[in-house]
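Below is one structure, written out as C-alpha cells, with a few remarks after it.
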Amino acid sequence: MTDYAKLDAWIDAHFDEEVQFLQQLVQVPTDTPPGNNAPHAERTAELLKDFGLDAEKHAVPAQEVKDYGLESITNLIVRRTYGSGGLTVALNAHGDVVPPGEGWTHDPYGGEIVDGSLYGRAAAVSKSDFASFTFALRALEAVAKPTKGSIELHFTYDEEFGGILGPGWLLEKGLTKPDLMIAAGFSYEVVTAHNGCLQMEVTVHGKMAHAAVPTTGIDALQGATKILNALYAQNTLYQQVTSKVEGITHPYLNVGRIEGGTNTNVVPGKVVFKLDRRMIPEENPVEVEANIRQVIADAAAESAGITVDIKRMLLANSMKPLAGNQPLVDAIQKHGGELFGEPIKAMGTPLYTDVRLYVEAGIPGVIYGAGPRTVLESHAKRSDERVVLEDLRRATKVVARTLSDLLA
C-alpha cells in the first residue's frame, strides 16, 4: 500500500473513535454570548491527553475577556515537532459558537447520529474540525512518521466575536508563528479569500413622553426608522458593486438586532440597533465605515431633536490570498479531488473568519475541513446544525494526506 492508502486505512480503522470525540465536544456547550468557553477547552485538553497529545492552555486574562463582553477564554496549542528543518503547519478550528436558538428537532448538545449525520450546535462549524485535524495528525504520526518540520493544533474560542482574543491573541503574544496554516472549513472547496465584516451599534436618542401628549416628546423610533430606511437604500446600491473573486458577489448590510422603548403608552426615548456590513476584498474598510457613519448622520439630521451615538463593535478585514498558499491549495485540490470524486475549486466565501489574522501576520493560509457544499446545507447558526459523517471521514483523509505532503 502507498502511504496515502495507509493513512486512509488508519483513519477508517479509528473513525468510530473520531466520531465519539466529536460527540463529546458537542456535548459541552460553548454559546457565545455569554462566552464561558474555558470549560470546553479544559474538556478538549483532557480528551487530547487520552490520545497522548499535550495541549498548552493559554488563558486570556479575565479582565481582558470581560472588557470584550465575554466570560472566559482559554486557547489551546498542541505542538508536535518531528525534527529540525521543514515547515511548521498550523491547523486552527474555533470552539465558540452562537447559541442554539429555537426550532431544533434534535438536542443541540446531544451529538445524536441520524441517517449518517451528526447533529448539534457546532457539529459543522467548527467542532467537526477539532476532530478532523486531531485525527489527521494522529494518522500522520502513526503511519507517515515524519522526521522533519512540525505541526501545531490551534483550538481557539473567539471566532464569533472576531478572533482578536483567539488567534489574534496567540499571534500578538508571540506564542505561534507557523509557516502555513489551514483553518476549519468545508470539504468541497478550498477557500483562499473571504469578505470582511464591520459591526456597529447605533443608539438613537429622543425624549420620552406620555403617548397622550406625544408632542412633548421626541420619538426615537421614528428617527431610527429614517436611519434604517437610509441604510436599506444603501443595501440596494451595494448590489451594483461586484467582486472579481469567485464565490463572493457584492457587499451587503444586515440589521440583526433592535431594541427600544419602555411601554406601549410611552413615546420611545431611545432605540438601539446593531448592524453587520459585509465588505468584499476589493473594498477599503476605512472608507466603508466613514460612508455608513455619514449615511446615519444625514438621516438623523432629518428628525429634529434626534441625536445618535455610533460604536464600532468589530472590524474584521477581508482575507486576500498570499502567494505562499499554493502548496496548500495544490495538495488539498489533488487529494480532495481523488477522495471526493470531483474537482475541489479554489474560491472565495462571503463569510469572515479567523484566517485573516494569520494572513495579516504574513502566514499564508486556506480554509478547508469537514462540511457540505454550502453553509445553508450545514444549518450553521440555524436549528438542526449537522455534519455528514462521510464528509468528516473523507476530509480527515484529505488533511492527513496534505500534511504528509507538506512535511515530506
### Query
residue 384: accessible area at probe 1.4 Å, nearest 10 Å²?
20 Å²
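Using the Cα centre as the reference, give the magnitude of the dipole from point charges on the C-beta atoms of the chain (Lys, Arg: +1; Asp, Glu: -1; all else neutral), rounded to the nearest 20 debye.
Working: 37 positive and 52 negative charges, 130 e Å.
The calculated dipole for the chain is roughly 620 debye.
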### Query
What is the Cα coordinate range of segment 260-408 on the first, second and third principal axes, sorted by size from largest, in whole angstrom?
68, 36, 21
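Can you figure out the FRET efficiency of residue 115 with residue 24, using R₀ = 25 Å and their beta-carbon distance, to the nearest 0.05? Display every interim value, and only then the final one.
On the way: r = 21 Å, r/R0 = 0.85.
With R0 = 25 Å, the Cβ-Cβ based efficiency is 0.75.
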### Task
Could you check what % of the DSSP bridge pairs in the chain are antiparallel, to the nearest 5?
70 percent
### Query
Can you run phi through the Karplus equation (6.51, -1.76, 1.60; θ = phi - 60°) for segment 355-363 and list ³J(HN,Hα) in whole Hz, with x for Gly and Pro?
4, 4, 5, 5, 4, 5, 8, x, 9
### Separation between Cα centres of segment 165-234 and segment 252-315, rounded to whole Å
9 Å
### Task
Please list the non-local residues whose amide H lies under 5 Å from the amide H of residue 36, H modeled 1.01 Å from N, same-chain partners needing a gap of 5 or more.
71, 72
### Query
Counting alpha carbon pairs within less than 8 Å and at least 6 residues apart, what relative contact order, in whole percent, applies to segment 188-301?
37 percent
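If I take every Cα pair under 8 Å that is 6 or more residues apart in the chain, average their sequence separation and divide by the length, what percent do I get for the relative contact order? Don't skip to the end; give the middle numbers.
On the way: 932 pairs, mean separation 95.6, N = 408.
Computed over the chain, the figure is 23 percent.
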### Message
Modelling each spin label as a point 7 Å along the Cα-to-Cβ direction, I'd like the residue 105/residue 9 distance in nm, to one decimal.
### Response
4.0 nm
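What does the charge count near residue 251 come to, summing +1 for each Lys or Arg and -1 for each Asp or Glu among other residues with Cβ under 9 Å from its Cβ?
Values: positive: 277, 278; negative: 283.
Residues near residue 251 contribute +1 overall.
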## Note on the structure
Of 332, 367, 164, the most mobile residue in a GNM of the chain (C-alpha springs, cutoff 10 Å) is 164
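What share of Cα pairs, in percent, lie more than 20 angstrom apart in segment 1-153?
Values: 6260 of 11628 pairs.
Looking at segment 1-153, the distances longer than 20 Å represent 54 percent of pairs.
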### Solvent-accessible ranking of 42, 287, 360, largest area first, probe 1.4 Å
287, 360, 42
### Task
Tell me which residues come under 5 Å, amide H to amide H, from residue 351 once H is placed; ignore anything under 5 positions away on its chain.
195
### Helix 15-26 axis, angle to the chain major axis (alpha carbon atoms, nearest 10°)
30 degrees
## Note on the structure
Applying the gyration tensor rule to the Cα atoms of segment 123-222 (axes a ≥ b ≥ c; rounded if a/c under 1.5, else prolate if a/b exceeds b/c, else oblate), the class is prolate
### Message
Which residue fluctuates most in the GNM of the chain (Cα springs below 10 Å): 134, 147, 262?
### Response
262
### Message
Could you tell me the ratio Rg/Rh of segment 344-396? Both radii from Cα atoms, Rh via Kirkwood.
### Response
1.01
### Summary
Sorted by chain and then number, the residues having a modelled amide H within less than 5 Å of the amide H of residue 252, at least 5 places away or on another chain, are 278
### Query
Given the options 343, 364, 285, which has the most mean-square fluctuation in a GNM of the chain, springs set between C-alpha atoms less than 10 angstrom apart?
343
### Task
Apply the Karplus parameterisation 6.51 cos²θ - 1.76 cosθ + 1.60, with θ equal to phi minus 60°, to every residue of segment 317-325 and state each ³J(HN,Hα) to the nearest whole Hz, in sequence, with x for glycine and proline.
5, 6, 9, 10, x, 9, 4, x, 7
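How long are the semi-axes of the equivalent ellipsoid of the chain, taking √(5λ) for every eigenvalue λ of the Cα gyration tensor, in whole Å from largest down? Each step should come with its number before you reach the end.
Numbers: eigenvalues 359, 98, 75 Å².
So the three semi-axes of the chain are 42, 22, 19 Å.
For the chain, what is the mean residue ellipticity at 222 nm derived from helices alone (per DSSP H run of n ≥ 4: -39500 (n - 2.57); sum divided by total residues; nearest 500 deg cm²/dmol)? Intermediate values should be presented prior to the final figure.
Working: 12 runs with 140 residues, N = 408.
Rounded to the nearest 500, the figure is -10500 deg cm²/dmol.
Give me the orientation-averaged projected area of the Cα convex hull of segment 1-81, in nm², one decimal.
On the way: hull surface 27.3 nm².
Computing the convex hull of the Cα atoms and averaging its projections yields 6.8 nm².
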## Note on the structure
Phi angles of segment 159-175, converted by Karplus (6.51 cos²θ - 1.76 cosθ + 1.60, θ = phi - 60°) into ³J(HN,Hα) in whole Hz with x for Gly and Pro, give 5, 5, 9, x, x, 4, 9, x, x, x, 5, 4, 5, 5, 7, x, 7
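Where both partners of a DSSP beta bridge lie in segment 3-120, what percent of those bridges are antiparallel, to the nearest 5?
On the way: 6 of 8 bridges.
Antiparallel bridges make up about 75 percent of those DSSP assigns within segment 3-120.
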### Query
What part of the accessible area of segment 141-282, given as a whole %, is carbon or sulfur when the probe is 1.4 angstrom?
52 percent
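Taking a probe of 1.4 Å, how large is the accessible area per residue of segment 296-408, in Å²?
Working: 4490 Å² over 113 residues.
Using a 1.4 Å probe on heavy atoms only, each residue of segment 296-408 averages 40 Å².
Do you know the relative contact order of segment 251-377, to the nearest whole percent, from alpha carbon pairs under 8 angstrom that are 6+ apart?
Details: 103 pairs, mean separation 23.4, N = 127.
This gives 18 percent for segment 251-377.
The values are calculated or read from the model by the stated rules, or taken from the named source; none is laboratory data. Note that the structure is predicted; figures quoted are calculated from it, not measured. Positions of Cβ are backbone-derived with ideal geometry, glycine not excepted, and every protein chain shown enters the neighbour counts. Note: accessible area is taken over every heavy atom of the protein model, side chains too, but ligands, DNA and RNA are not part of it. Shrake-Rupley method; radii C 1.70, N 1.55, O 1.52, S 1.80 Å.
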